Amino acid sequence: MSLPDPAPLCTGAEPWLRLSRRECLNRLGLGLGGLALARLLARPAHAASAVGAAPGGGLHFAHKAKRIIYLFQSGGPSQLDLLDPKPLLNQRHGEQLPDSVRGGQRLTGMSGNQSSIPIAGSPFAFQRHGRSGNAFSELLPYTAKVADELCVIRSLHTEAINHGPGVTFMQTGAQIPGRPSFGAWLDYGLGSSNDNLPSFVVLLTKDKKGQPLMSHLWGSGFLPAKHQGVRFRSGGDPVLYLGNPAGVSPANRRLALDRLRELHEHQFAGTPDAEIGARIANYELAFRMQSSVPEVTDLRGEPDAVVDAYGPDARTPGTFAANCILARRLAERGVRFIQLYHQDWDHHAGLPGGIRRECLQTDQPSAALVTDLKQRGMLDDTLVIWGGEFGRTNYCQGPMTATNFGRDHHPRCFSVWLAGGGVKAGITHGETDEYGYNVVRDGVHIHDLHATLLHLCGVDHEQLTYKFQGRRYRLTDVHGHLVKGILA
Amino acid sequence: MLPAAALLASRARLLLATLAVVAAAAAEVDFNRDVRPILSDKCFQCHGPDERGRKAKLRLDTRAGALRERDGQRVIVPGRGAESELLLRVLSPHADEVMPPPEAKIGRLTPAEIDALRRWIDSGAAYQEHWAFVPPAAPNLPPAALRAGPDPRNGIDQLVFAALGRRKVAPQPEADPATLLRRVTFDLTGLPPSPAELAAFLADPAPDAYARAVERLLASPRYGERMAADWLDLARYADSFGFQVDRDWAMWPWRDWVIQAFNRNLPWDQFVTWQLAGDLMPGATEEQRLATAFNRLNPQESEGGSVEEEYRVNYINDRTATFGTAFLGLTLDCARCHDHKFDPVTQKDYYQLFAFFDDIDEAGLYSFFTPSMPTPAMWLQGAQEKETYAAATAAVSGAEQALAAVAASRWEAFAAWLAAHPDGAGLPGELARFDFEARLDAPPGAKAPVTKAMEAAKLGHFASAVDERHAANTPAENTPVPGRHGHGLRLSGDHPVNTTLGNFPRHEPFSVALWLQAPAARERAVLMHRSRAWTDAASRGYELLMVDGRLQWSLIHFWPGDAIAVRTRDPLPLGRWVHVAVTNDGSSRAAGLRVYVDGVAAPLEVVRDQLTRNITGGGGDTITLGERFRDRGFQGGLVDELRVFDRALTPLEAAEVAAPGALTRAVRAPGARDDAALLAHYLAAHDPEYRVAADALRAARARQTRLAEEAREIMVMRELSAPKTAYILRRGEYDQRGEEVRADTPEWLPPFPADAPRNRLGLARWLTAPDHPLLARVTVNRFWQALFGRGLVKTAEDFGLQGERPLHPELLDWLAVEFVRGGWDVKALLRTIVLSHTYRQRSTGTPALVADDPENTLLARGPRHRLPAEMIRDQALALSGLLVERLGGPPVHPYDLPESFKPAPAGTGDALFRRSLYTFWRRNGPAPVLEAFDVPKRVVCVARRDTTNTALHAFVLLNGTQFVEAARALAEDLLRATAGRPEALPALAFRRVLGRDPDATEAAILLRLHREQLDHYAREPGDADCYLTHGSRPADPALPPVALAAAATLVNTLMNHDLFVQKR
C-alpha cells in the first residue's frame, strides 16, 4: 500500500502539518466511497477557501450561488394572505368547502374532526407590484418594493401535515429526524469556505413563541458532526464557551497557548500523529475565532443608514432584523450557509392579528437584506430564500367571526420566494386552483426545491451521496427534479 | 447470439485480451472478498434482491439468476469470461450499452474490478454465501508465524501474528506500564488510574501485575457505568420523549438496571433476552420486566393534530430497526418500503419481524395535558410501598366482602321498608338534571359576571332542576329543537354543551343518563364525556362514545393500556329518541360498568379491563355533551334531559329514569314482584347500614387509588392476550395495508425454533441460539470497537452485503465462538482482549507502517483513539477529586445545561460532579459539552460514534466552567503536595493530568509556562482572584491566590493537551 505525496491539511493550516490524503478523508468521514472525494483530491495546496473542483466553482459544475441565506418562517405562513391571492375565496366566504376540492386529502387531527369547514377569504388586499407584476398582500409593503428581484413559487407542496415532520422535511429532506440538514450536506459537499468562521451558521429570532424548533434541524445526521450548523446565540457567547473566563486576559491566554503549542509540537515530533497536527491547527483557529466571531456579531460598526433600512428592530440583538444584518455580515465573510429561523406563524386561530405581527417583524428586514446584498453586488451569487414548512387551509379552523378566524395546516400548496443566486428575478412560478387548495401547474415538491438549490450551488443532487448503514443516502432520497423554470 | 450482442462482444473481446495479460499473475479469486463487493456496490441496486426494483428481470445476487439463459444467451458463462455478457457490458464504450448505465451515476468499473470479474468467471463463477450469514466456526489457531518478536499470549495474538507474518510486519513491543495502565483503566472503567493505582502498578515487578490490575478494574462498580454508556447509544436511551414536544420522562431505572447487569456480568444471551422479552419469561421477575423498557425507548410524539396510528407504526418501525442494528448488525429499515436493495431482506421479512413488536397496548401519541406514563407501564415500588399497597388492596377486598355480607343480611329491613312505602320512595342521589327548557342569558344564580367571550359565543344557560348551584351552557350553534320532553338541543358537533359537575374519581360510584337521538351510525362520535381531550390527554376521564354505531362506555387513566371499557353488542337505534344511562360502581373493573338502553341493561362486551390508576386530572373537569378537543363530535345529534347521580343506578332505577313510574309499578306489581330488583334499589338508595358499609368500601378504594397514584411508573412491554394482525405496509405507509403476515424470521437465517412461541421470547431464543451467525459476531465486534476505536468489522452497524468485510475474519469468528462457548461471558471476553499482546502493544509505529495502515486495520499497533465525550469530562472530575462516585439515580444537570439548545437550570451540589453517564439527556438539546465531543442525540439506535477534532473542543476545555473549576481543584491539591517546593509543581501536574512523567524538553516548557503564569498573576492579582471564582466549590482561602491561579492555568493548559483527550 503506497500513498501519494502528503497533501495539505484539509482545514488549511501550516505547511509542516502534513496529513496523508487518506487520513484526511477518513477524518472527514468521507472514506473512499464518498463522491465529494474528487473535489478534495483536486483542491489546490493551501487553498483553504477555494470552492469546488468544477470550473467556475461548485462541486459538479459551475455554481451560481456561492452562499445561501435561508429565512425560514417556522409555523407555516398563510400563502393565501401573503403571496397567493384567491378572489374566489372572498366571494364564497363562509360557504362550505366543496368535497370535490378536497378530493380525499387527509386533514390534521386538529380540524379533521371538525363538523363544518367554511371557506375563509383573505381580509388583506392584494396588489401587483413592479414591472414583474408579482402580487403581494398589503401585509408585505417592503417585500412588494423588491418585487422585481423575487421569484415567487406558489406551487410548492409537501407530504407533512404537522410542524415537527414538516420543518424536518423542509430542512433535511425526510420527515423523521435523523437525516443531515441541507446546510450539513452543503458543507459536506463543498467544504469550508473561510478560515475563521464556521461555514454553516444558524440564527434564531429570540424570545419567540410558537412551535418549538429542534436542534436536529441543523444537525449533521449521519454525516460527521463537523458538518452540523453552529448556532450563534443572541445573548452571551455566540458560540459555546467562546469567551475567556473572567480572570483570563487575551494576552495571558495567548501565552498559555504558546506553551501548549510547544508541548504539542514536541509530542508530534515523538509521535507523528496527524491528530496532533490537527489539534495544533484547531487551537490556532479557536484563538482566531475568539476575535472573528465577536467581530462579525458586533453590529455597532454598521452605518445608521444601513441599520435603519432593516427597520426599527434592527438595533435590538436577536431580533429577526438584527439577524438579517448579521446574516449579510456572515455572508460577506465567506460563511456558506446562513440559516435564520423566525417562529410563530402557526395561526390556527386569531390569524389576522397574528400574521400582521409576524409581518411587521419580518417584512422590512427581509426586503432590506435583498436590497443590501444587491447594493453590495452580492445578490448575484447569494441566494436568499423566504418561506415556511407548509401552507394554510383555505377554510376556517375553529370559530369564524367578522374580524377573526384561523387556518389549519395545508401541505398541498404553499408559497415561498427566492432572490438572487442564479434564480430568475421578477417571476411567479407555478399556479394553484382558484380555491388555493391544489397545485394546477408546475408543482414543486420539496425534493425538487432541494435539487434546485443544490444545483444553484454547483452540486448535482444525485451525485452528492453518503454511504450510511449500507446505503448511499442523498438529500433528495430517490426523488427530486430540477425546477428549470426558475433558473436564470 | 443476436447481432447487436455479437457486435458488442467483438468490440469488447480485444479489451478483455489486454486485461488478461495484465492480470496473468494475479492470485486466486475469492468471491466474498473480491467479487461480491463489486456486484453489491455496482449491480445489486437494479439486479439484486429487490424484485420490484429489478431491471430487465436480471438477478445477479444468486448464481441461478446470473446463469439463467435469457433469449438464448447467458449473462455469465462459467469458465468463459469472454462470452459472458456481463463483461461485455461493463467494458462497452457505448453509453446505451455500458453497465452500470451512466444515468445511475455510480461510475464505471475500474480495470482492476473488471479483471476480478473476468478471473472469477473464468474460474467457474462460483458463488459463496455472504460470510456473515454462515455460522462462525472456530478457526485452527496457527502456530506463531513471526520469526522474531513477542510470544503470543492467547488466541488473539496467534491469529493476528499469523496475519502479520504473512505480510512480513512485526507487532509493536508492549506499551510502557504507565501508558498501558491508563489505556486499560479508561477502557474498562472510563476513568484514569488514580495516582495511587499508578504508583502501585509502576512499583509492582510481578509478571502478573497487569493481570491483577485487569481483575481489579473488572470488579470495580465503575466498570458497569463505562460499559452501559455504549449500550445507551444502541438503546437510544434518553431522559426525554423526543420529537417536537420532547417532554421529560423518567426511564432512568432501566439505565440503572443496565449498569447493574454489566457489573454482575449477566451473560449476554440473558442480557439480550431480558430486554427483548423479559415480560414473557416464565415467572417473569420485576427486574426482567423492567429490562423490556429497552423496547420503549423510541422517541415518542405528542404534537397536537398528529395522526395517532402513523406514530404507533413509527414506534414499531423503530423497535424493528433497533433490533436489526443492535442484535443482527443488519439495516432492516431499508425493507420498510421495498425489498432490500443489497441484502436478502424482503419487505415481507421486515413486516414479519415487525409483527413481533406490535402486540402491546400502546398509543401513538403520549398525553400532552397530563404527565401520565404511556402504556403499557409497570410500577416501581420499594418494599415498603409494596407492603402498604398490598395492605390497601386487602382492605378493599375486606370491605367488598363486608358490603356483600351487609347486603345479604338486610331482608328484614327491606321488607319493613317495603311495607312502609307502598309507592316506593323516589330516587335519592340525583346531583343535577338539565331539561334544556328555559334558555337564560346569564348563568342561573351565579354571581360571576358574563364575560365578553361568553357574550361573543352567545352562550345560553340552563338551570339544574334539582340543585341550582349547577348549570349547563351552550353556544348558539347548538340549537333548540323539540325534545323528548319539551325542548332539546341539536348539536353542531363542534360546540360543547358544558355543565358544572362530574369530576368523579374512579372509586366513586356514579351514573349519567340522557335522552339522545342519533341521525346516523358513526364510526366514532363523542356523545358525553368528562375529559380534557382525546389523544392530547390520552382520554383521561370518562366517556360515552358511539364507536362503529354502538355505544362504548369507558373510565380511563391512559388510553388504551390503563382503562376499563365496555361496548354494547347491539347498535344504537337511529332516528328516534333513545334513553341511555351509564353507571360505574367504583370497582375499577369492566364488570362494574353498565349501559342501559331505554331502561334495559344492554348486553356488553369488554373492550378493556385494566384500570390501575385514577381517572381525574388533566383538565376538562365537568361533563360535556357532543364535542371534544380534536375529536369527532356528535354532529346533528339531539340530546335532552341530562341527569347525573352520585351512585350507580340499579337496573330498576335505570328503568325508572328512562320511564318514570317503573319503580312504583315494581312495588305494586301484584303477585309478580321482583324482590331481588327491589332489594337492590332499597340497599342502594335507602338502607342506612348498607350505606355505612358502602362508604367504608369507598374509603378503602380511595386509599388504594391514592397509593396507586404515588407509584412511580416506567414504560415496559406487556403482551396483549391476542396478538394484533400485522400487514405488509405498501411503500411503508401506515395506512396502506397489504398482505397479512405472521411473526417470523427471515428464511435465509436459521429457522425459527419449531417449539418456540411466536412472540418476542421465541425471537430471543432464535437469536441467542449458539449457531446463530450474527448475534455473537456483532456483539464481540462492538466490544472490540469499544477498546480499539474501530471494530474488526468497521461497519459495526452493518454486517450485510454493503458492510465492510472484516480484515481478520478468523479472529472475529474465534472471538465469537469462544464467547458463546464460554457462556456469553462479557467480562471473560474483555479479559481475553485486554490480556492479549495485540491490545498491549505500543500504539505508535514506524512512519511507514502508520502511512500504510492509518486506521490500524492490520493490528500491528495498539489501540489509539480520541476518548469518548463522557470519558473526557469524567477524567477532569476524577483528576480534580471532585467526582462523586455514586451509582445510579435520577439524571443530573451539570453546568452546561443552561447553555443547551433547550436550556435547563444547572443543578447544585453533587449534581454537578456526577459521571457524565448521569447527565440529563434531552434529545432536542443534549448537554452541549458532551455534544461538542460527538455524542449522538440518541434519536435512533447508533452502533458507532463519530470522533471529530474541531476548534470547538478548545473552547470547551479552555473555558468551560466544569474544566476551569476542575483544574483549580487539582491545582489546590498540587499546591499542598508541593508546599515549599514550587519548582516540583509543573512536573507533578503533568504526571497527575497526563499519567506519565514529562521528559526534559517538556519539563522545560512546563517550567516556563508556570513561571510566566506566576509572573502574570503577580502583576494582575485581580485577575487571579477572578479566575478562582468559577464553579460552585469555593477555592481554598488558605492558598495564595496568585500561586493558585498560576497552577490552575497550568493544569487547565494540560487538560488541553493531546494526551488528555487521546487514548494512546
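Observations on the structure shown:
- Identity of the residue in the stretch A:105-120, touching a residue at least 24 places away in the same chain (Cβ under 8 Å) and within 12 Å of chain B (Cβ to nearest Cβ), that ends up surrounded by the fewest Cβ atoms within 10 Å (Cβ to Cβ): A:Arg106
- Residue in the stretch B:101-121 that is within 14 Å of chain A (Cβ to nearest Cβ), surrounded by fewer than 21 Cβ atoms within 10 Å (Cβ to Cβ), in contact (Cβ under 8 Å) with a residue 40 or more places away in the chain and not in a loop (DSSP other than H, G, I, E, B) present: yes
- The lone exception for A:Leu369 - which of (1) aliphatic (A, V, I, L, M); (2) away from chain B (no Cβ under 12 Å); (3) surrounded by fewer than 24 Cβ atoms within 10 Å (Cβ to Cβ) it fails: (3)
- Single residue of the stretch B:316-371 satisfying the filter (among the basic types (Lys, Arg) and more than 15 Å from B:Leu729 (Cα to Cα)) that is farthest from the other protein chains (Cβ to nearest Cβ): B:Arg319
- Identity of the residue in the stretch A:240-287, β-branched (Val, Ile, Thr) and within 27 Å of B:Tyr1017 (Cβ to Cβ), that ends up nearest to the other protein chains (Cβ to nearest Cβ): A:Val248
- Set A:Ala174, A:Ala184: member being among the hydrophobic types (A, V, I, L, M, F, W, C), surrounded by fewer than 23 Cβ atoms within 10 Å (Cβ to Cβ) and more than 10 Å from chain B (Cβ to nearest Cβ): A:Ala174
- Test: residue in the stretch B:307-315 that is crowded, with 21+ Cβ neighbours inside 10 Å, part of a loop (DSSP other than H, G, I, E, B) and either within 11 Å of chain A (Cβ to nearest Cβ) or of a type in the set (S, T, N, Q) (or both): yes
- Residues of the stretch B:610-641 that turn out to be under 13 Å from B:Ala525 (Cα atoms) and outside any strand (DSSP E or B), as a count: 12
- Among the conditions (1) free of Cβ contacts under 8 Å to residues at least 60 places away in the same chain; (2) within 49 Å of the chain's Cα centre (by Cα), B:Gly79 misses just one, which is (2).
- Matching option when the condition is more than 23 Å from B:Asp269 (Cβ to Cβ) and part of a loop (DSSP other than H, G, I, E, B), among B:Pro806, B:Pro863: B:Pro863
- Within the stretch B:243-272, the set of residues being out of contact with any helix residue (DSSP H, G or I) (no Cβ under 9 Å at 6 or more places or on another chain), within 14 Å of chain A (Cβ to nearest Cβ) and crowded, with 20+ Cβ neighbours inside 10 Å comprises just one member, B:Asp246.
- Residues located in the stretch B:410-432, provided they are buried (at least 18 other Cβ atoms within 10 Å of the Cβ), part of a loop (DSSP other than H, G, I, E, B) and of a type in the set (Gly, Ala, Ser): B:Gly424
- Number of positions in the stretch A:442-476 that are more than 10 Å from chain B (Cβ to nearest Cβ), more than 19 Å from the chain's Cα centre (by Cα) and either farther than 22 Å from A:Val416 by Cβ or modelled with pLDDT under 95 (or both): 2
- Criterion applied to B:Asp562, B:Asp548, B:Asp570 was being farther than 27 Å from B:Pro660 by Cα, surrounded by fewer than 22 Cβ atoms within 10 Å (Cβ to Cβ) and in contact with a Lys or Arg (Cβ under 9 Å, 6 or more places away or on another chain), and the one residue passing it is B:Asp548.
- Within the stretch B:818-852, considering residues that are within 14 Å of chain A (Cβ to nearest Cβ), of a type in the set (Gly, Ala, Ser) and out of contact with any Gly (no Cβ under 6 Å at 6 or more places or on another chain), the one surrounded by the fewest Cβ atoms within 10 Å (Cβ to Cβ): B:Ala848
- Residues of the stretch A:76-104 that are out of contact with any strand residue (DSSP E or B) (no Cβ under 9 Å at 6 or more places or on another chain) and within 14 Å of chain B (Cβ to nearest Cβ): A:Gly104 alone.
- Out of B:Ala590, B:Ala601, one residue alone is modelled with pLDDT of 95 or more and under 18 Å from B:Leu514 (Cα atoms). It is B:Ala601.
- Taking the stretch B:997-1064 as the region of interest, the helices (runs of 4 or more DSSP H) fully inside it that hold 1 or more residues being more than 30 Å from B:Asp187 (Cα to Cα) and more than 9 Å from every other protein chain (Cβ to nearest Cβ) are B:1000-1019, B:1021-1027, B:1041-1054.
- Single residue of the stretch B:494-525 satisfying the filter (touching a His at 6+ places or on another chain (Cβ under 7 Å) and part of a loop (DSSP other than H, G, I, E, B)) that is surrounded by the most Cβ atoms within 10 Å (Cβ to Cβ): B:Leu501
The rows are residues; the columns are (1) away from chain A (no Cβ under 14 Å); (2) without any contact (Cβ under 8 Å) to a residue 24 or more places away in the chain; (3) surrounded by fewer than 22 Cβ atoms within 10 Å (Cβ to Cβ).
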site	(1), (2), (3)
B:Asp176	no, no, yes
B:Leu180	yes, no, yes
B:Arg216	yes, yes, yes
B:Arg226	yes, no, no
B:Phe241	no, no, no
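- Residue among A:Val307, A:Val293, A:Val230 that is at pLDDT below 95, closer than 21 Å to A:Tyr341 by Cα and either more than 9 Å from chain B (Cβ to nearest Cβ) or in contact with a Leu (Cβ under 7 Å, 6 or more places away or on another chain) (or both): A:Val293
- Selection count where residues are closer than 30 Å to B:Thr768 by Cβ, free of Cβ contacts under 8 Å to residues at least 60 places away in the same chain and exposed (fewer than 14 other Cβ atoms within 10 Å of the Cβ), scope the stretch B:130-158: 1
- For the stretch B:968-980, the criterion of being under 50 Å from the mean Cα position of the chain (by Cα), modelled with pLDDT under 95 and part of a loop (DSSP other than H, G, I, E, B) is satisfied by no residue at all.
- Restricting B:Glu870, B:Glu885, B:Glu855 to residues that are more than 14 Å from chain A (Cβ to nearest Cβ) and assigned to a loop (DSSP other than H, G, I, E, B) narrows the list to B:Glu885.
- Scan the stretch B:940-978 for residues that are more than 7 Å from every other protein chain (Cβ to nearest Cβ), β-branched (Val, Ile, Thr) and within 27 Å of A:His216 (Cα to Cα) and the total you get is 3.
- Within the stretch A:295-320, the set of residues being within 12 Å of A:Lys206 (Cβ to Cβ) and crowded, with 22+ Cβ neighbours inside 10 Å comprises A:Thr319, A:Phe320.
- Some residue of the stretch B:317-336 being crowded, with 21+ Cβ neighbours inside 10 Å and on the phi > 0 side of the Ramachandran plot: yes
The values are calculated or read from the model by the stated rules, or taken from the named source; none is laboratory data. Here the structure is a predicted model, which means the values were calculated and not measured. All Cβ positions, even for glycine, are placed from backbone atoms using ideal geometry, and neighbour counts span all protein chains on display.
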